[in-house]
Amino acid sequence: MAKINQNYQKLSAGYLFPEIARRTNQFSSVNPGVQIMRLGIGDTTEPIVPSVLTGLHQGVDNLGNVESYSGYGPSEGITPLRQAIADFYQEQGASIDMSEVFVSEGAKSDSANIQGIFSEDCVVAVQDPAYPVYVDSNVIAGRTGLAGENGYDGLVYMPCTEENGFFPELPKGKVDLIYLCSPNNPTGAVATKEQLKTFVDYARDQKAIILYDSAYASFITDPSLPKSIYEIEGAHECAIELNSFSKTAGFTGVRLAWTIVPQACVTEDAEAGVLHSLWTRRQNTFFNGASNIVQAGGVAVLSDEGRKQTNEQIAFYLKNASIINEGLKSKGIQTFGGGNAPYVWLKTPNNLTSWEFFDKLLGECHVVGTPGSGFGPAGEGFFRLSAFGHRENVEAAVASIKNNLNI
Ligand code: PL4
């Protein structure tokens, strides 16, 4: 008799983004003809830049020629791409060997899967609020109890509040796995080197592992802020980093990402090299590699021309963020983030709950955003607006908020 994984029953509600889509569709069905402006999901909108398109075309053309045709590739990724990623780190002052780079089809799936190489009884700490995948994947893996009003039993929430500048204090007790995301989704806050150092020191001391999601690192324009945790001394011993081409190069639909598992990473029960070989084994068993066409596109993203063109696109999205920020501020709404990140985090006016503000923004302004409470208990009373959008749509959404939001 088959039995289901009962941990799925613990998941508190529908996954956040489909829930937003459901509510938005419901609004549209009772308000036919109303034009909805979407600043909800962080999804790229601008076309892929020419030099990267050339790389993708090259990937396709290679398949039409007997000399350059390739079938299954290494599940860790093709050598030119792994090397280009390692070189990219080197330029940032973070030494990474090509063998430590694991190419994948998405940082979402890697951030959900990475917990699988750790013991079931690891104590998990997450920033609160956080990208929901970190929590849900650990719920499904059985590392938590049931959900209550303040989150899941057994999970250590590290509140990110206005008071601490949206970067958490160290956990009070001993934890084993620590999820950090910088630039942060959803708050837009970026960790400083000093802040990361406190976590690296803690992790080395406790033989804990930091799972560092830097999917938005390319949005950091302030040169004093770290783009990788490996810029911090000692991080190679205690941190796994996840990054993605999704937001950097408009690959949200194309799908390409990477995870770094340094050889030097250690746990309480495993010496250097073990975590690296476990992740290799995991990927070899579960994954047959990212598309060879897409990996050719990834190499083009990291070329000089690719970087120049994608950086221009990132500047475009950052300008959207500043338009949103300015518009909200002129309305008297308090905002955070958006300077080195594609998300603006706002405090809901008049103490509205996050979902109350969602309904108000949709009803009065026809703008969709993301309720902060969907990212964790400390997100209640906050709201996220995404800077991904065509300029005219972002401007129209901001104008509608200015003209129609009744606060
Ligand atoms: C909507 C911190 C967006 N349907 O594209 P990937 O898989 O390489 O990267 C996903 C990802 C990884 N890490 C962080 C992210 O914020 C994201 C993407 N988040 C958002 O609006 O928060 C897209 C979400 C998607 C989902 O369910 O993840």
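Can you work out ³J(HN,Hα) from phi for every residue in the range 83-95, in order, using Karplus 6.51 cos²θ - 1.76 cosθ + 1.60 and θ = phi - 60°, giving whole Hz and x for Gly and Pro?
After applying 6.51 cos²θ - 1.76 cosθ + 1.60, I find 5, 5, 5, 4, 5, 4, 5, 3, 4, 7, x, 10, 7 Hz.
Would you please give the residues with an amide H less than 5 Å from that of Cys181, counting only those at least 5 places away or on a separate chain, with H modeled from the backbone geometry?
Answer set, sorted by chain and number: Asp213.
For the range 287-407, which whole percent of the accessible surface, found with a 1.4 angstrom probe, sits on carbon and sulfur atoms?
Values: 2110 of 4430 Å².
Answer for the range 287-407: carbon and sulfur cover 48 percent of the accessible area.
In nm, give the distance between the simple-model label positions of Ser303 and Asn25, each being 7 Å from the Cα along the Cα-to-Cβ direction.
4.1
Would you mind pulling out the separation of the Cα centroids of the range 114-157 and the range 353-407, in Å?
28
How high is the relative contact order of the range 290-407, in percent, counting Cα pairs under 8 Å that sit 6 or more residues apart? Display every interim value, and only then the final one.
On the way: 165 pairs, mean separation 30.3, N = 118.
About 26 percent, as a whole number.
In whole Å, how far is the Cα centre of the range 1-45 from that of the range 267-282?
36
Rounded to whole Hz and in sequence order, give me ³J(HN,Hα) for the range 154-171 from the Karplus expression 6.51 cos²θ - 1.76 cosθ + 1.60, θ = phi - 60°, writing x for Gly and Pro.
x, 9, 9, 8, 10, x, 10, 10, 4, 5, 9, x, 6, 10, x, 6, 5, x
Please give me, ordered by residue number, the trypsin sites (Lys or Arg not before Pro) of the range 117-178 that lie in loop per DSSP and have at most 14 other Cβ atoms within 10 Å.
Values: sites: Arg143, Lys172, Lys174; in loops: Arg143, Lys172, Lys174.
Those satisfying the criteria are Lys172, Lys174.
Evaluate the relative contact order of the range 95-156 (contact order divided by residue number), counting alpha-carbon pairs under 8 angstrom at least 6 apart; express in whole percent. Don't jump to the answer; show the numbers that get you there.
Numbers: 45 pairs, mean separation 18.6, N = 62.
The value is 30 percent.
Under 1.5 on a/c is rounded, so check that first for the chain, then, if it is not, pick prolate when a/b is larger than b/c and oblate when it is not; a ≥ b ≥ c are the square roots of the alpha carbon gyration tensor eigenvalues. The partial results should precede the final answer.
On the way: a/c = 1.56, a/b = 1.20, b/c = 1.31.
The shape class here is oblate.
What does the charge count near Phe382 come to, summing +1 for each Lys or Arg and -1 for each Asp or Glu among other residues with Cβ under 15 Å from its Cβ? Before the final figure, lay out the partial values.
Working: positive: Lys347, Lys360, Arg384; negative: Asp128, Glu162, Glu163, Glu356, Glu380.
That works out to -2.
Hey, what did the range 51-305 get for relative contact order, percent, Cα under 8 Å, at least 6 apart? Provide the component values of the computation, followed by the final result.
Working: 481 pairs, mean separation 68.6, N = 255.
27 percent.
Cross-link partners among lysines for Lys360, C-alpha distance below 27 Å, same-chain residues fewer than 8 apart left out?
Lys319, Lys329, Lys331, Lys347, Lys402
222 nm [θ] for the chain, helices only, -39500 (n - 2.57) per DSSP H run of 4+, per residue, to 500? List each step's numbers first, then the result.
Working: 12 runs with 146 residues, N = 407.
After summing the helix terms and dividing by residue count, I get -11000 deg cm²/dmol.
Considering only protein heavy atoms, what per residue accessible area in square angstrom results for the range 51-305 with a 1.4 angstrom probe?
Numbers: 10200 Å² over 255 residues.
About 40 Å² of surface per residue is accessible.
Among the aspartates and glutamates, which fall within straight-line cross-link reach of Lys193, defined as a Cα-Cα distance under 13 Å, with same-chain neighbours fewer than 8 residues apart omitted?
Straight-line reach from Lys193, under 13 Å: Asp201, Asp222, Glu231, Glu233.
In the range 48-140, which chymotrypsin sites (Phe, Trp or Tyr not before Pro) fall in coil by DSSP and have 12 or fewer other Cβ atoms within 10 Å?
Values: sites: Tyr69, Tyr72, Phe88, Tyr89, Phe102, Phe118, Tyr134; in loops: Tyr69, Tyr72, Phe118.
Sparse-neighbourhood loop chymotrypsin sites (Phe, Trp or Tyr not before Pro): Tyr69, Tyr72.
In what sequence, highest mean first, do 396-407, 39-50 appear when ranked by Cβ atoms within 10 angstrom?
Descending mean neighbour count gives 39-50, 396-407.
Mind listing the phi-derived Karplus ³J(HN,Hα) values for the range 251-259, rounded to whole Hz, using 6.51, -1.76 and 1.60 with θ = phi - 60°, and x for any glycine or proline?
Karplus-based 3J(HN,Hα) across the range 251-259 equals 9, 4, x, 6, 6, 6, 7, 8, 10 Hz.
Taking amide H atoms as placed 1.01 Å from N in the peptide plane, list the residues 5 or more away in sequence, or in a different chain, whose amide H sits under 5 Å from that of Phe382.
Answer set, sorted by chain and number: Thr348, Ser354, Gly372, Ser373.
Need one value: the accessible area of Asp61 in square angstrom, 1.4 angstrom probe, rounded to the nearest 10.
100
Straight-line reach from Lys174: which lysines have a Cα under 18 Å away, not including same-chain ones fewer than 8 places off?
Here the lysines satisfying the reach criterion relative to Lys174 are Lys197, Lys207.
Taking amide H positions as placed in the peptide plane 1.01 Å from N, state which residues far from Phe166 in sequence (5 or more) or on other chains have amide H under 5 Å from it.
Thr161
The values are calculated or read from the model by the stated rules, or taken from the named source; none is laboratory data. Since the model is a prediction, treat every value here as computed from it, not as a measurement. Methodologically, a virtual Cβ is constructed for each residue, glycine included, from the backbone with ideal geometry; neighbour enumeration extends over all protein chains shown. Quick note on the areas: whole protein, heavy atoms, side chains included, nothing else; ligands and nucleic acids left out. Shrake-Rupley method; radii C 1.70, N 1.55, O 1.52, S 1.80 Å.
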